[in-house]
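Novice: This is the structure, below, for whatever I ask next.
The values are calculated or read from the model by the stated rules, or taken from the named source; none is laboratory data. Given the structure is predicted, the values throughout are model-derived calculations rather than measurements. Note that each Cβ is placed from the backbone with ideal geometry, even for glycine, and that neighbours are counted across all protein chains shown. Just so you know, the surface numbers come from the protein's heavy atoms only, side chains and all, with ligands and any DNA or RNA stripped out. Shrake-Rupley method; radii C 1.70, N 1.55, O 1.52, S 1.80 Å.
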Amino acid sequence: AQQPGTPLSDQEYHQFFKSLRTAHRARSACLLRELYGCQNTLVRRLDEYENHGVVPEGPICSEVPGTHFFPNFCSFSFYRCIKRRYFIKV
(Lines give C-alpha, C1' and ligand atoms only; values in the text may rest on other atoms or scores of the structure.)
Protein backbone atom coordinates (compact mmCIF):
# COMPACT_ATOMS: atom_id res chain seq x y z
CA ALA A 1 0.00 0.00 0.00
CA GLN A 2 1.20 3.48 -0.88
CA GLN A 3 1.47 6.21 1.72
CA PRO A 4 -1.22 8.92 1.54
CA GLY A 5 -0.03 11.91 -0.48
CA THR A 6 2.43 9.97 -2.64
CA PRO A 7 1.97 9.99 -6.44
CA LEU A 8 0.45 7.08 -8.28
CA SER A 9 2.74 4.52 -9.88
CA ASP A 10 2.96 4.38 -13.69
CA GLN A 11 0.53 1.45 -13.72
CA GLU A 12 -1.89 3.24 -11.37
CA TYR A 13 -1.81 6.37 -13.57
CA HIS A 14 -2.50 4.25 -16.64
CA GLN A 15 -5.54 2.67 -14.96
CA PHE A 16 -6.76 6.03 -13.63
CA PHE A 17 -6.63 7.79 -17.00
CA LYS A 18 -7.97 4.77 -18.89
CA SER A 19 -11.25 5.02 -16.99
CA LEU A 20 -11.43 8.79 -17.56
CA ARG A 21 -10.96 8.41 -21.31
CA THR A 22 -13.73 5.82 -21.46
CA ALA A 23 -16.25 8.09 -19.70
CA HIS A 24 -15.17 10.98 -21.92
CA ARG A 25 -15.88 8.88 -25.01
CA ALA A 26 -19.30 7.93 -23.67
CA ARG A 27 -20.14 11.60 -23.05
CA SER A 28 -19.01 12.43 -26.60
CA ALA A 29 -21.31 9.75 -28.02
CA CYS A 30 -24.17 11.17 -25.94
CA LEU A 31 -23.50 14.63 -27.29
CA LEU A 32 -23.69 13.30 -30.86
CA ARG A 33 -26.96 11.53 -29.99
CA GLU A 34 -28.42 14.73 -28.53
CA LEU A 35 -27.32 16.87 -31.47
CA TYR A 36 -28.21 14.57 -34.36
CA GLY A 37 -30.62 11.93 -33.04
CA CYS A 38 -30.57 8.17 -33.23
CA GLN A 39 -30.95 7.99 -37.00
CA ASN A 40 -27.66 9.80 -37.65
CA THR A 41 -25.24 7.52 -39.51
CA LEU A 42 -22.45 7.81 -36.93
CA VAL A 43 -24.84 7.31 -33.99
CA ARG A 44 -26.34 4.24 -35.69
CA ARG A 45 -22.86 2.81 -36.22
CA LEU A 46 -22.08 3.29 -32.53
CA ASP A 47 -25.36 1.59 -31.60
CA GLU A 48 -24.63 -1.28 -33.99
CA TYR A 49 -21.14 -1.64 -32.55
CA GLU A 50 -22.56 -1.80 -29.04
CA ASN A 51 -25.04 -4.50 -30.11
CA HIS A 52 -22.78 -6.76 -32.18
CA GLY A 53 -23.84 -5.32 -35.53
CA VAL A 54 -27.63 -4.95 -35.15
CA VAL A 55 -29.60 -2.27 -33.30
CA PRO A 56 -32.40 -4.06 -31.39
CA GLU A 57 -35.90 -3.29 -32.63
CA GLY A 58 -38.97 -2.98 -30.45
CA PRO A 59 -39.17 -2.80 -26.68
CA ILE A 60 -36.02 -3.01 -24.57
CA CYS A 61 -35.95 -4.60 -21.13
CA SER A 62 -33.32 -3.51 -18.64
CA GLU A 63 -32.14 -4.08 -15.11
CA VAL A 64 -32.41 -0.38 -14.28
CA PRO A 65 -34.10 -0.03 -10.88
CA GLY A 66 -37.51 1.58 -11.33
CA THR A 67 -37.31 1.57 -15.14
CA HIS A 68 -37.45 -1.94 -16.55
CA PHE A 69 -38.90 -1.12 -19.96
CA PHE A 70 -38.03 1.23 -22.81
CA PRO A 71 -40.01 1.47 -26.07
CA ASN A 72 -36.82 1.17 -28.18
CA PHE A 73 -33.04 1.22 -28.03
CA CYS A 74 -32.93 4.95 -28.79
CA SER A 75 -35.00 5.73 -25.67
CA PHE A 76 -32.78 3.46 -23.61
CA SER A 77 -29.65 5.20 -24.89
CA PHE A 78 -31.09 8.65 -24.20
CA TYR A 79 -31.93 7.52 -20.65
CA ARG A 80 -28.32 6.46 -20.09
CA CYS A 81 -27.09 9.80 -21.40
CA ILE A 82 -29.47 11.90 -19.33
CA LYS A 83 -28.71 9.97 -16.13
CA ARG A 84 -24.98 9.77 -16.94
CA ARG A 85 -25.10 6.04 -16.40
CA TYR A 86 -23.24 5.32 -19.63
CA PHE A 87 -22.46 1.69 -19.07
CA ILE A 88 -25.84 0.28 -18.10
CA LYS A 89 -26.59 -2.76 -20.24
CA VAL A 90 -29.83 -4.10 -21.60
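Novice: Does L35 fit the bill of being modelled with pLDDT under 85, more than 11 Å from the chain's Cα centre (by Cα), open to solvent by 40 Å² or more (accessible area, probe 1.4 Å) and hydrophobic (A, V, I, L, M, F, W, C)?
Specialist: So L35 does not fit the description; no.
Novice: Counting only residues that are under 16 Å from A26 (Cα atoms) and in contact (Cβ under 8 Å) with a residue 12 or more places away in the chain, which one in the range 42-72 is surrounded by the fewest Cβ atoms within 10 Å (Cβ to Cβ)?
Specialist: The extreme case among them is N51.
Novice: Do you know which residues across the range 50-90 are within 12 Å of the chain's Cα centre (by Cα), under 13 Å from R33 (Cβ atoms) and among the aliphatic types (A, V, I, L, M)?
Specialist: The answer is I82, and nothing else.
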